[in-house]
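Comments concern the structure below.
The values are calculated or read from the model by the stated rules, or taken from the named source; none is laboratory data. Not measured: the values here are computed from a predicted model. Heads up, the Cβs are rebuilt from the backbone with ideal geometry, glycines too, and the neighbour counts pull from every protein chain shown. Quick note on the areas: whole protein, heavy atoms, side chains included, nothing else; ligands and nucleic acids left out. Shrake-Rupley method; radii C 1.70, N 1.55, O 1.52, S 1.80 Å.
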Amino acid sequence: MRRLGPSTEGFYDQLLKSCNFLASLRQIHSSLTTSGLINQALHLGAKIIIKYTTYGEPNTARSLFNSIHNDKSYSFLWNTMIRAYANNGHCVETLELYSTMRRSGISSNSYTFPFVLKACASNSLILEGKVVHGDILRTGFLSDSYVQAALVDMYAKCGQTDDGCKVFDEMSVRDLVSWTVMITAYEQAEKPEEALILFQKTQQEGLLSDSVTIVSVASAVGQLGDVLKAQAVHGYAICNAFLEDLCIQNSIVAMYARCGNVEKARLVFDMMEKRDLISWNSMLTGYIQNGQASEALLLFDEMQNSDCKPNPVTALILVSACTYLGSRQLGRKFHGYIINSNMKIDATLRNAVMDMYAKCGDLDTAENMFNDIHPSERNVSSWNVLIAGYGMHGHGRKALEFFSQMLEEGVKPDHITFTSILSACSHAGLIDEGRKCFADMTKLSVKPEVKHYACMVDMLGRAGCLYEAFDMIKQMPLPPNDSVWGALLLACRIHGNTEIGEIAANYLFQLEPEHTGYFVLMSNIYAASNKWREVGKLREDMKNKGLKKPAAFSVIEYGKDIQGFHTADRVNPYWKEVYKKVESMAVEIKMAGYMPDLSCALHDVEDEDREHMLNYHSEKLAVAFGIMNLTPEAVIQVTKNLRVCNDCHSAFRFISYIYRRKIIVRDANRFHHFEGGTCSCNDYW
DNA sequence: TTAGCCCCAG
């Protein structure tokens, strides 16, 4: 065999460094094989193994590995192959190779374990991780800081933060990475306060953070939603010259958005010199999280003109924006875009598209998509989407059918399935079926959570079984939260029960003193029984606490555009015409027998004024806009962010009859299809 | 004699 000098090795080293393509890598590989150098300078072989794997050729890498790892006592190449697998998501192969390595008597070292642990961490393989932990103890590598950090990370990613914390606490020396791992662990476990306390400690110990730490800290602050802390992190990044880092910029954009300051997020975004996919997706998500879906859509147009092309995550964000807006038309457009862009549609994205169709009122398309999925590829979320979709439309029976079919096909329901099926029963008034499903939960080994009790209380309460609902709360094995009492309060509103309503409201005012919705509900109950003194007292309370009724907002599709209306909107460019229309419609439907439901107007004023105020509810403005601008055969579809009010519900029945229009309203809870004077919910909602 | 642990969009 011909020996080549070190200068030749250096030459190949350089060549490999600058090699960016699979084709040139193959050339270098073959030239090294011909020269025989690959068997002598193993670090070159190692580099090729790594490159093949990152270029998506793990099998080629493995063949190379198999052909050159002739010295059995030499762990370097094994470590290389394990590293290549682990860093490219080939988790099974990593563990398989590690196991072969052990069986072959090759000793692991401090370079082996971090990658094996990474593979366990990325697939939440806690059992395998624990075995590796045992191996580390046996081989005496627990004192290595890289191994320790990887171990803490593995436990954290497998959801065992406490075990990770134990390893962390037992470390004698902690470097920045171990601190960061622990900070990230708390952040990922949604314990942002703990994460920030640890960050404080790194500062006290005089450790200089790196960009990874700051990203995690920014994430934690985002979870906390504290704008002041967000500004502090932003300032820290500026002072320590971290702001050049793209990851940091992205995390700051996301942080501000999650703290509700989407304007500040946009400011940071606009100042960025370079933007990657994550920058765009973070900003888009920020708009969606803050209810500014139309801003998100504008930004998407900008994104398409940029050098960053949308990926499946972008698609997911946009589809969820359409779901939020209730815009089937836009949703369809994006669905088309997704198909045409040839992006990879995974189960999550497909389910999101189905959910969009279901929640935008197009159940047929949702169901067709579901039927197109091969039964073996339907996961629990696919079923959940359909069950929830049918439930929202009041098709309780259909939801129950899907639920049975799901069980027949051997798909195990989860907590979301039961939330969906119970609320489906609730909307359809199927209380016996609902009771049965609730009883089946334990049999199907899904433990009832507070939200399931809330569904039951809602179902029983709506059906008028107020005392049974109340008893259920009293007998709950878990402490009832605001959604449970809120369901009872809503039921009291529907059935006009002041007495139980007051009990529920008292709990709610303690549990959620800032939540205006409960004050509004209770004052509605008082208003319905003409207890204006109590209404006034509640209003006074709200005023003293500085609470305001959350802004109602309704959206209607119009051509390629979307029009949004607030209550008593004077910002929408068409408000004057729309006001005239609602006023004239009120006159016409009154002649057909519509009676304004004055209890829906919160204010303690003269009846005539209250009646007048009802006209300008956001959903009425949106429907009036639809009648004025859409062709007579077009369906008027409106999405409202809160629950549709009683008076609007009654008015829409009359409007659908007199104007011969199909009106579909999606509110915070469900769909209402108005046609010929009736609503699909049969006034049961 | 060569290699590494932790991060941002969903």
At a 1.4 Å probe radius, carbon and sulfur cover how many percent of the accessible area of chain A? 53
Under 14 Å between alpha carbons, and skipping anything fewer than 8 positions from A:Lys545 in its own chain: which aspartates and glutamates qualify? A:Glu512, A:Glu514
Antiparallel DSSP beta bridges within chain A, percent to nearest 5: 80
Just order A:472-480, A:230-238 by mean Cβ neighbour count inside 10 Å, highest at the front, would you? A:230-238, A:472-480
Per residue, accessible area of the stretch A:449-544 with a 1.4 Å probe, heavy atoms of protein chains only, in Å², comes to 46
Whichever lysines have a C-alpha closer than 28 Å to that of A:Lys130, once near sequence neighbours (fewer than 8 apart) are set aside: A:Lys72, A:Lys118, A:Lys157, A:Lys166, A:Lys191, A:Lys412, A:Lys447
For A:Lys344, go through the aspartates and glutamates and keep the ones whose alpha-carbon is under 20 Å away, minus same-chain ones fewer than eight residues off. A:Glu57, A:Asp276, A:Asp307, A:Asp355, A:Asp372, A:Glu377
Give the relative contact order (percent, whole number) for the stretch A:391-459; include only Cα pairs under 8 Å separated by 6+ residues. 37
Relative contact order [Cα under 8 Å, 6+ residues apart], chain A, whole percent: 5
Starting from the Cα of A:Asn379, step 7 Å along the direction of its Cβ; do the same at A:Asn59; then give the gap between the two resulting points in nm. 2.6
HN-Hα J in Hz across the stretch A:244-249 - Karplus 6.51, -1.76, 1.60, θ = phi - 60°, x for Gly and Pro: 5, 6, 4, 4, 5, 4
Can you give the angle from 0 to 90° between the axis of helix A:380-392 and the longest principal axis of chain A, with both taken from C-alpha atoms, to the nearest 10? 10
Working note, the stretch A:553-679: Cα radius of gyration (Å, one decimal) and Dmax (Å, whole number) are 13.3, 41
Between A:Ser35 and A:Leu176, what is the spin-label point distance in nm, taking each point 7 Å from the Cα along the Cα→C-beta axis? 3.8
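Give me the number: length gained by fully extending A:Phe21 to A:Ser529, i.e. 0.36 nm times residue separation minus the C-alpha to C-alpha distance, one decimal in nm.
So the extension gain works out to 175.2 nm.
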Residues whose modelled amide H sits under 5 Å from the amide H of A:Tyr55, counting only those 5 or more places away in sequence or on another chain, are none
P(r) for the stretch A:255-407: what percent of alpha-carbon pairs falls in each 5 Å bin, starting at zero? 2, 9, 18, 20, 17, 13, 10, 6, 4, 1, 0
Find the Rg to Rh ratio for the stretch A:194-251, where Rh is the Kirkwood radius over alpha-carbon pairs and Rg uses the same atoms. 0.93
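At a 10 angstrom cut-off on C-beta neighbours, averaged per residue, how do the peptides A:519-526, A:83-90 rank from highest to lowest? Don't skip to the end; give the middle numbers.
Details: A:519-526: 23.6, A:83-90: 20.6.
Going by the mean number of other Cβ atoms within 10 Å, highest first, we get A:519-526, A:83-90.
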Which three extents, in whole angstrom, do the alpha-carbon atoms of the stretch A:323-387 cover along their principal axes, largest first? 30, 27, 17
Pseudo-spin-label distance A:Asp169 to A:Leu298, built 7 Å along Cα→Cβ, given in nm, is 5.2
Taking amide H positions as placed 1.01 Å from N in the peptide plane, with prolines and chain starts having none, which residues 5 or more places from A:Gln637, or on another chain, fall under 5 Å of its amide H? A:Glu557, A:Ile664
Expressed to two decimals, chain A has a Cα Rg over Rh, using the Kirkwood radius, of 1.04
I want the antiparallel fraction of DSSP beta bridges within the stretch A:553-679, as a percent rounded to 5. 80
Could you give the spread of the C-alpha atoms of the stretch A:449-544 along their three principal axes, from largest to smallest, in whole angstroms? 36, 25, 15
Cα point-scatterer Debye curve for the stretch A:437-476, base-10 log of I(q)/I(0) at q = 0.30 Å⁻¹: -1.01
Residues meeting the amide H criterion for A:Phe671 (H placed from the backbone, H to H distance under 5 Å, 5 or more places apart or on another chain) are A:His393, A:Gly394
Which of A:Ile494, A:Phe509, A:Ile68 sits farthest toward the positive end of the charge dipole of chain A, with +1 on the Cβ of Lys and Arg and -1 on the Cβ of Asp and Glu? A:Ile68
Could you order peptides A:661-671, A:25-35 by the average number of other Cβ atoms within 10 Å of their residues, highest first? A:661-671, A:25-35
Under Karplus coefficients 6.51, -1.76 and 1.60, residue-wise ³J(HN,Hα) of the stretch A:362-374 in Hz, glycine/proline x: 10, 5, 4, 4, 4, 5, 4, 4, 4, 5, 6, 7, 4
Note, ³J(HN,Hα) from phi for the stretch A:269-282, Karplus 6.51, -1.76, 1.60, rounded to Hz, x at Gly and Pro: 4, 5, 7, 5, 6, 10, 10, 10, 3, 5, 4, 5, 5, 5
Can you give the charge dipole size of the stretch A:545-685 about its Cα centre, rounded to the nearest 20 debye, using +1 on the beta carbon of Lys and Arg and -1 on the beta carbon of Asp and Glu? 480
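Rounded to the nearest whole Å², what accessible area per residue is found for the stretch A:553-679 with the 1.4 Å probe?
Per-residue value: 46 Å².
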